[in-house]
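No value in this document is a laboratory result; all are computed from the given coordinates. In this text the structure is predicted, and so the values were computed from the model without any measurement. Cβ placement follows ideal geometry from the backbone for every residue including glycine, while neighbour counts extend to all protein chains displayed.
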Amino acid sequence: MRASSGEKRTKGGIGIESPYPDVRPHPAALRPTSPANGEVKLHHVGVAVADLEPAIELYTSLFGAELTHRASNEKDGLAAAFLQMGEAEIELLAPLREDSPVGKFLAKRGPGMHHVAYAVSDIRKAMADARSAGLELIDAEPRMGMHGTLIAFVHPKSVGGVLTEFVET
């Protein structure tokens, strides 16, 4: 039975009010912490694209995003554009060559969501906590990312098929 409009109920003594008394909150809502035991904050979403220019045009014209930064990494064969949309950031990723990780991703899966990145205050602790939780890390050590901060990736098979990035902030 639903609560009447405006009526809020607390379910199971967990202190989260809901107008839907029969719906329990997702367990993550009860533990708002990252692997580094800090506040969970989405840093950005990475989107793989074949060509940055039309993708930038799409996000700026359709969604009102603001292009804030561009970068490239020859070693990783990657060009990126960073777009701000209110509180959210989108990182558009385009391959500089077909044998790059993003080039291989596009060849196998086509354009679309590439990864989700979470801000962590201490990347080494986040990595250690992830390892302790049984997650497989792609990066054995943190490395410099395109935001100019340390990053590390968690293998998608450890996180429900989603490539996950930690970004030290």
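Listed values, structure above:
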| quantity | calculated |
| --- | --- |
| Segment D51-S132, length gained on full extension (0.36 nm per residue, minus Cα span) | 25.3 nm |
| Residues whose placed amide H lies under 5 Å from that of V154, excluding near-sequence neighbours | I138, T164, E165, F166 |
| Qualifying GluC sites (Glu not before Pro) in the stretch 84-119, DSSP loop, other Cβ atoms within 10 Å at most 13 | E87, E98 |
| Distant-in-sequence amide H partners of K41 (H built 1.01 Å from N, under 5 Å) | A119 |
| Least to most buried among I90, I138 (fewest other Cβ within 10 Å first) | I138, I90 |
| Most to least packed among 140-146, 78-84 [average Cβ atoms within 10 Å] | 78-84, 140-146 |
| Amide hydrogen neighbours beyond the local backbone of G46, cut-off 5 Å, H modeled | E91, H114, H115, V116, A117 |
